[in-house]
Amino acid sequence: MKHLSLKDLASLCYVDSDTQVNSKLVHHLRVCPKCLKEYQKLKTLLSDLTVKLPQIKEEEVEKLIEKVKEKILEPNFLERVKYRWDYLIVHLRWRLAPQLLIATVAVILALIILPWWRSYNIDREFNILRLEAELSLEDLNNISPFDFWEDTINSDNFLPSTPQNNFGRAHKET
Amino acid sequence: MILSKEELVSNLIEKFLEGDKSCFVKILKLISSDVINLAYCYTHNLEDAKDIFQEVSIKIFKYLKFFKKKAKFTTWVYRIAVNTCIDFLRKKKKTMVMKEEIMKDENFSREELENRERLKMIRETLNNLPPKAKTVFILRHYQGLKIVEISRILGCSESSVKTHLVRAIAIIRKNLEER
């Protein structure tokens, strides 16, 4: 037979579970002396922890409320400033929370995007692109199929000329 | 027709928000015993409990405009009271130790001494609990609130509240068995 856990015993003490579960637990206690003993021990322990709550007279409560009224309705300058400040903070926190969030995100985005946007000049970028395009078009008009061949033959560094070979010289003589 | 406490309070809140400040006193009278008892369970000192009640009252006055009627007013008040008690104890930790030292020198009757010893034992036992478990235990054991209500006050699930309650009981049992 499975014994009751502390959770079950606690829910029995405080009557937290629904009636069906509760009746099952009570039934278990009837047949299991070990669990019954544990339950009684726990109940005694919890009752030992009971504190006698203070009985406050109405007059005392009224005195306390009078003190509160004095603080609230007749605050001094500092208290008034503090009250206003608290009110402002709470108002911002509760009422303007979504607006504040949106504004914060907008400011952060602006701080990131603006410097980049200022350094980026679309006209300059476009001018560079156009110049490159014009140059390449001019090149295409001027270059013949033999240009590449001539360039390679005439270049001095196509094959390195050394005293042992006469690549450059032989070519020039021919 | 007899109005429930919650209905009575919500009527008073509406009047207060319309500008009738005398309603606030009536609201305080309705919640005073709950708040003072909760504070007493936390501090085990009536004067401290009264101070906490004053602080809670001022907070309620300040923030009543922001109270959303989705939750019960008492739940909202309990939440404020629990947070105020925790803050209060944090601030008073050092001075409480000093008070205890002074009280040792005073002369009390045997019955009173036994009662004080018992209270001290309970206070020490509760202070050994993790903060959330302590709050759950106080709200369930001393205030007699239901698990659902506690879960609303603390903003957590019912199963979490049950777990904290069982953990609190387990720690208390262990501590008392060790004594």
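Miscellaneous remarks
- Spherically averaged projected area in nm², based on the convex hull that wraps the Cα atoms of the stretch A:77-120: 4.2
- Inter-label distance, nm, simple model (7 Å from Cα along the C-beta direction), residue B:70/residue A:97: 0.8
- Compared with the dominant Cα axis of chain B, that is its longest principal axis, helix B:73-105 is turned about 30°.
- When the alpha carbon gyration tensor of the stretch A:1-78 is reduced to an equivalent ellipsoid, its three semi-axes come out at 49, 14, 11 angstrom, largest first.
- Size of the stretch B:117-156 from its Cα atoms: along the principal axes, largest to smallest, the extents are 34, 19, 9 Å.
- Histogram of C-alpha separations across the stretch B:107-179, 10 Å bin width, %: 20, 42, 24, 11, 2
- A compact globular protein would have a Cα radius of gyration near 2.2 N^0.38 Å; the ratio found for chain B is 1.15.
- Cα coordinate range in the stretch A:1-132, projected on the principal axes (Å, largest first): 98, 58, 22
- Reachable lysines from residue B:65, criterion Cα separation under 23 angstrom, eight or more residues apart if same chain: A:67, A:69, A:71, A:82, B:5, B:15, B:21, B:26, B:29
- Per-bin percent of Cα-Cα distances, the stretch A:6-48 [10 Å]: 30, 58, 11
Just so you know, all these numbers are worked out from the coordinates, no wet-lab data involved. This is a predicted model, so every value here is computed, not measured. With ideal geometry, Cβ positions are generated from the backbone for all residues, glycine too; neighbour counts draw on all protein chains shown.
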